[in-house]
Amino acid sequence: MLDRIEWLGYASFRLMGDPIIYIDPWRITRPDHVADVILISHDHFDHCSPADVAKVCGERSQIIASRTAAAHFEDAVCARPWQVFNIGRASIRTVPAYNAAHPQPLENLGFIISVERYDLYYVGDSGVIPEMAKLRPDIVILPIGGNHTMTLSAALEAVRLLRPRYVIPSHWGSSHDGSTYLEVQAFAQRAGDLTQVIIPQQVR
């Protein structure tokens with residue numbers, strides 16, 4: 001499963017398989033793989049980019065987006081927290097994502113993607129929230145940028161609460177507002193007793 005998760009930079013990811021799933025594509029090159037599903041967590045420009053969605057969108061691509069993000073796309077499914085979508089061999093469950101910078105009434109989203117007996121949790125722009133206590137994912141894509149997302153201490157708290165086998169840091173490696181590689185290494189060192197941290201290599 002881990003070898004199918006590709007980091008496209010900052011908070012953008014692609015999950016290869018059936019279906020091919022893109023999550024929050026932003027500042028990506030035009031890829032060789034057309035999306036079966038495109039997931040958009042919220043409407044901030046670094047997560048909701050119609051220009052980047054157009055690069056990966058085909059005739060049969062399905063866009064599943066939060067309420068605020070869905071307004072930017074003609075054919076998007078407007079999703080609320082706790083909905084389930086079964087597409088190909090994947091089950092996609094939307095979950096809440098909120099913090100002080102992203103108020104809960106906006107209904108921003110994270111995603112639980114269940115495929116090949118693994119549950120992958122893309123947290124989105126969220127803090128540590130009570131709903132996480134209900135989740136037991138195998139793999140977590142965790143935002144550690146600190147700006148509108150989790151600080152290092154909050155990210156460690158999330159790891160303790162979720163207890164995943166693997167954590168992939170996101171919201172880093174960009175001049176936009178993400179963490180640096182040194183900060184990612186610091187997180188990996190501090191979280192090493194709790195989980196296995198996978199520092200991804202960006203796919204161009």
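Readers should treat all values here as calculations from the given coordinates under stated rules, not as data from a laboratory. Everything quoted here is computed from the prediction, not taken from an experiment. For neighbour counting, all protein chains shown are included, and Cβ atoms are generated from backbone atoms with ideal geometry for every residue, glycine included.
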Handout entry: Selected from GLY88, HIS102, HIS72, residue furthest toward positive end of dipole (segment 2-197; charges at beta carbon)
Key = GLY88
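Only bridges whose two residues both fall in segment 2-197 count here: according to DSSP, what percent of them are antiparallel, nearest 5? Don't skip to the end; give the middle numbers.
Details: 22 of 43 bridges.
Percent antiparallel among DSSP bridges in segment 2-197 is about 50.
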Handout entry: Inter-centroid distance (Cα atoms) of segment 98-137 relative to segment 29-74, Å
Key = 19
Handout entry: In Hz, Karplus ³J(HN,Hα) per residue of segment 80-96 (6.51, -1.76, 1.60; θ = phi - 60°; x = Gly, Pro)
Key = 10, x, 6, 8, 10, 10, 9, 9, x, 9, 10, 10, 10, 10, 7, 10, x
Handout entry: Using θ = phi - 60° and Karplus 6.51 cos²θ - 1.76 cosθ + 1.60, couplings along segment 129-134 (whole Hz; Gly, Pro as x)
Key = 10, x, 4, 5, 5, 7
Handout entry: Helix 181-191 vs. the chain, principal-axis angle (Cα, 0 to 90°, nearest 10)
Key = 60
Exercise for the section: Please arrange TRP172, TRP26 by counting, for each residue, the other beta carbons lying within 10 Å of its beta carbon, fewest first. Expected result: TRP26, TRP172
Exercise for the section: Could you list which residues have their amide H under 5 Å from that of VAL167, counting only those 5 or more apart in sequence or on another chain, with H placed in the peptide plane? Expected result: VAL140, GLN196, VAL197, ILE198
Completion exercise
Taking Cα atoms, the helix 152-162 axis meets the longest principal axis of the chain at an angle in degrees (rounded to 10) of 80
Handout entry: Per-residue ³J(HN,Hα) for segment 20-37, Karplus 6.51 cos²θ - 1.76 cosθ + 1.60, θ = phi - 60°, Hz, x for Gly and Pro
Key = 7, 10, 9, 10, 6, x, 7, 6, 9, 6, 5, x, 7, 10, 7, 6, 7, 9
